[in-house]
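Participant: Next up is a structure, given as structure tokens.
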Amino acid sequence: MLIRNFIFWLSTKRGVTNRIARHGMRNGFARRFVAGESLEEALTASQELCSEGRNVSLNHLGENVAGEAAAREVSAGYIRMIEELHAKNLRGNISIKLTQLGLDIDKELCRSMSREIAARAAVLGRTIEMDMEGSAYTDATLDIFESVQRQLGNCGLAVQAYLYRTEKDLLRLASVKPKIRLVKGAYHEPKNIAFQKKSEVDANYRKLTTLLLEGAAQGTFSPAMASHDWNMVTHAQSEAARLKLDKSRYEFQMIYGIRRDLQAQVHAAGDTLQVYVPFGTDWCPYFMRRLSERPANCWFVLRSLFAESGSASRQPAV
């Protein structure tokens, strides 16, 4: 926990992350976990994954934007991502962050642009998925997702197992028959709204997995279990078998470069695997926050961070 907290704290320090980011891609330590800084690099990585039988979800890294012009630029970028996936005949979709679409600035503007992105995807026979960010945005994200999904029907949503409220949120969303990406959660949240112990988060993840898979059997949910935890994956597989669910009714999701051994096992079992493919210049805070979720990756990150920082300190100022 101390290592995770330390890495998460570092991820909030822009001076640290900017310094590391100047060297992480060039020196290679980030390449295993981030597809690159450009869409073209992400598409190249996606082509390789799709050739291996995986699906992809492109994720342009970054969060809050400073103004409407920046939000509209991001929106245009999301539409280009969908069009490029389609043009290259790659299986998958895109993941969008609502704070990149101006959620802090104008909720209705964000809703409108989210609808435009989903509408363009629908024309191409594609889907989109909405990421869930910190708890300050949960209600607004649910509201925008629900309205866009009711109108277009091609949206998925990430929900976080560490929040107490998530089971009620799923019951609320059942009427729109959504795709749900179940994650454990990667933000620091206080104990009055979120489970703090790993054992508690794991127990709730299992409970919600069962709820979603039972919903899939009833045609209510299209579950996507997003976890790199072997125990969570095997629980989902055993529940799907118990319910006699066809493998087309659910999927697993994992992040590019993480637990490649488990990704191979899931694929070999005949389950659908969608790989979350992050890219962009603002990769470092994401990279650190996501990897802090897994102790083995924490050690990798710490060694890499100190190596990169040491290398950066020896470089001339630029």
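Here, each number is a calculation from the coordinates, and none is a lab measurement. Quantities reported herein were computed from a predicted structural model and do not represent experimental measurements. Reconstructed Cβ throughout: ideal geometry from the backbone, glycine too, with neighbour counts over all protein chains shown.
Participant: Taking a label point 7 Å from the Cα of Ala174 along the Cα→Cβ vector, which residues of region 198-230 have an amide N closer than 20 Å to it?
Facilitator: 204-225
Participant: By count of other Cβ within 10 Å, fewest leading, how are Val176, Val277 ordered?
Facilitator: Val176, Val277
Participant: For Arg249, what is the net charge nearby, where nearby means another residue's Cβ is under 13 Å from its Cβ and Lys, Arg count +1, Asp, Glu -1?
Facilitator: Result for the local shell: -1.
Participant: Residue by residue through region 43-55, which ³J(HN,Hα) values in whole Hz follow from phi under the Karplus form 6.51 cos²θ - 1.76 cosθ + 1.60 (θ = phi - 60°), with glycine and proline marked x?
Facilitator: 3J(HN,Hα) across region 43-55, in whole Hz: 5, 4, 4, 5, 4, 5, 5, 5, 5, 8, x, 8, 9.
Participant: Continuing with this model, one more query. Residue by residue through region 219-228, what is 3J(HN,Hα) from phi via Karplus (6.51 cos²θ - 1.76 cosθ + 1.60, θ = phi - 60°)? Round to whole Hz and write x for glycine and proline.
Facilitator: So the J values, rounded to whole Hz, are x, 8, 10, 10, x, 10, 7, 9, 7, 10.
Participant: Follow-up question, since we're still on this one. In Å, what is the Rg of the alpha-carbon atoms in region 54-282, and how long is Dmax?
Facilitator: 16.8, 50
Participant: How big is the charge dipole of region 36-97 about its Cα centre, in debye rounded to the nearest 20, if each Lys and Arg gets +1 on its Cβ and each Asp and Glu gets -1 on its Cβ?
Facilitator: About 240 debye.
Participant: Let me ask another. Please tell me the relative contact order of region 54-282 in percent, rounded to the nearest whole number, where contacts are Cα pairs under 8 Å and at least six residues apart.
Facilitator: Relative CO of region 54-282 lands at 20 percent.
Participant: Excluding residues on the same chain fewer than 8 positions from Lys177, give the aspartates and glutamates whose Cα lies under 12 Å from its Cα.
Facilitator: Reachable aspartates and glutamates: Glu146.
Participant: In addition: Can you sort Arg126, Arg150 so the residue with the fewest Cβ neighbours within 10 Å comes first?
Facilitator: With the sparsest Cβ surroundings first, the list reads Arg150, Arg126.
Participant: Further question on the same structure: Got a sec to turn the phi values of region 73-78 into Karplus ³J(HN,Hα) couplings, 6.51 cos²θ - 1.76 cosθ + 1.60 with θ = phi - 60°, whole Hz, x for Gly and Pro?
Facilitator: 5, 4, 4, 4, x, 4
Participant: Using Cβ contacts closer than 10 Å as the measure, can you line up Ile96, Ile105 from fewest to most?
Facilitator: Least crowded to most crowded, the residues run Ile105, Ile96.
Participant: Still on this model: Taking the DSSP beta bridges in region 54-282 as the whole, what percent of them are antiparallel, to the nearest 5?
Facilitator: 5
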